[in-house]
Amino acid sequence: MSDVKDVTLAAEGKKRIEWAERDMPVLRSVREEFARTQIFKDMNFSACLHVTAETANLMRTLKAGGANVLLVASNPLSTQDDVAASLSVDYGIEVHAIRGEDKDTFFKHIEAALAHKPVITMDDGADLITTLHQKYPDQVKEIMGSMEETTTGVIRLRAMEKDGALKLPVVAVNDAKTKNLFDNRYGTGQSTLDGIIRATDSLIAGKVVVVGGYGWCGKGFAMRARGMGAHVIVTEIDSIKALEAVMDGFEVMPMEAAAKKGDIFCTLTGDINVIDKDDFPLMKDGAILCNSGHFDVEINLKALEAMAEKVTKNVRKNVDEFLVKGKRIYVIGEGRLVNLAAAEGHPASVMDMSFATQALASSWVVENRGKLSARVYDIDEAIEKRVADFKLNSMGVSIDTLTEEQKHYLDSWQHGT
Ligand code: ADE
């Protein structure tokens, strides 16, 4: 039985799911195919993902393929309670997710996902897989494979693989070009700003925005913040990415230097304490801090809380105020993913590609069951091509095809100067 906040929210949730579906043509085509092939007939699936309208459409797609799906939250503060209610009431999908759930409830929900005895699992941050390996090692052999949606999760899984701890095949959906070039860049770019603006109503033009990390998420956010008139500073630990940021026209400096200059700070790295205890006292009065990485560890909030003379929760919805040396520092969404905690996550149009890739990766695992080993797999190129071709088609964009002469030229090495 589902564990959701309030089933009477279902009608609103259904509207939201249907609205998102209009912008998810690639996923719709996959759903139609699954409905015909019934590739997941009678298979139990457990998914630990952000419970949003877009995820609801992924769940519908898996169910259309015959799967018996159970969905739990991958973050305590990202659940859309109306969507959770509708999935349960209108679509007959078991959901265990409540926005604002505490850590115990969060892990109780993960336990429910494992008690469902899945043969396929899906993660956004790898909490399901790490709990499985640590607490239920005997259950691992029942699982054909798992999918991982986000950078932070892939980092954890690769660490497990390196340690010899990974005991099942995992597909790094995050690393697909059809995912990270679009979802991480354009999705995070837009939805992170959306979260900051909804939470604070700040004008971005003329502000100094500090971007912690210049991976695809950081790049997208920096690009969009600049587009709205911010002066953008990037901090990095990787010299190639730092160079990229410089040549993209951004100022690059260590966080300690940026701390004194920033009006708005956002971390997007997948690592801990990117904004650390020594940085807070350097900040300007009124500095706004948020995180768009998966876990709430990128800003050292424990240190901030410990050093604050006063903490005022909810000075505005989703915003807490910390008084440090007489200066006010604002933190959005308790340092959790700002785009999901304070806004609605990435728009459906970009999740369309991520979740079509995710759905097709699941069917790839089923088609290849028994042949895969316990390691992290990249997405099959044919899946990426299919998703990209279909997305272009749905946008009414056509492209050229190589002529026979061009193909021959590319395959040969004799032609030169
Ligand atoms: N991650 C970021 N945005 C998301 C969304 N809208 N749905 C599910 N996962 C997400």
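List of remarks:
- Within the accessible area of the range 196-342 (1.4 Å probe), percent carbon and sulfur: 54
- Gain on full extension, evaluated as 0.36 nm per residue between SER239 and TYR409 minus their Cα-Cα distance, stands at 57.5 nm.
- With every protein chain in place, the range 1-123: carbon and sulfur % of accessible area (1.4 Å): 51
- The modelled label-to-label distance between LYS325 and ASN368, using points 7 Å beyond Cα along the C-beta direction, is 5.3 nm.
- Spin-label pair GLU12/VAL246, simplified geometry with 7 Å Cα→Cβ offset, distance in nm: 5.0
- Checking every one of the trypsin sites (Lys or Arg not before Pro) in the range 202-256 against DSSP loop status and a limit of 11 other Cβ atoms within 10 Å picks out no site at all.
- Computed FRET value (nearest 0.05) for LYS302 with GLU32, which takes r as the C-beta separation and R₀ as 56 Å: 0.70
- Using the rule -39500 (n - 2.57) for each DSSP H run of four or more residues, divided by the residues of the chain, the 222 nm mean residue ellipticity is -12500 deg cm²/dmol.
- Peptides 191-203, 404-416 ranked from most to least packed give 191-203, 404-416, packing being the mean of other C-beta atoms within 10 angstrom over each peptide's residues.
- Once the Cβ-Cβ distance of LYS108 and GLN139 is raised to the sixth power relative to R0 = 25 Å, the FRET efficiency obtained is 0.90.
- Protection proxy ranking of 306-317, 329-340, 351-362 - average other beta-carbon atoms within 10 Å, highest first: 351-362, 329-340, 306-317
- Over 32 Å (Cα to Cα) - which of LYS5/LYS41; LYS41/LYS407; LYS108/LYS177 fall in this group: LYS41/LYS407; LYS108/LYS177
- When both bridge partners sit in the chain, DSSP labels roughly 20% of those beta bridges antiparallel.
- Residues listed by number, the range 344-365, amide nitrogen under 19 Å from MET228 label point at 7 Å toward C-beta: 344-350
- For the chain, the membrane-span-like helix rule (DSSP H, alpha carbon extent of at least 15 Å along the helix axis, mean Kyte-Doolittle at least -1.0) picks out 25-37, 53-64, 103-115, 151-162, 188-200, 216-227, 348-367, 381-394; this says nothing about an actual membrane.
- Scoring 209-218, 42-51 by mean Cβ neighbours within 10 Å over their residues and listing the highest first yields 209-218, 42-51.
- Listed pairs LYS207/LYS260; LYS179/LYS385; LYS15/LYS179; LYS103/LYS179; LYS241/LYS284; LYS261/LYS302 exceeding 21 Å between Cα atoms: LYS15/LYS179; LYS103/LYS179; LYS241/LYS284; LYS261/LYS302
The values are calculated or read from the model by the stated rules, or taken from the named source; none is laboratory data. Computed from a prediction, not measured in an experiment: that's the story for all the values here. Heads up, the Cβs are rebuilt from the backbone with ideal geometry, glycines too, and the neighbour counts pull from every protein chain shown. The accessibility values were calculated without ligands, DNA or RNA, using every heavy atom of the protein model including side chains. Shrake-Rupley method; radii C 1.70, N 1.55, O 1.52, S 1.80 Å.
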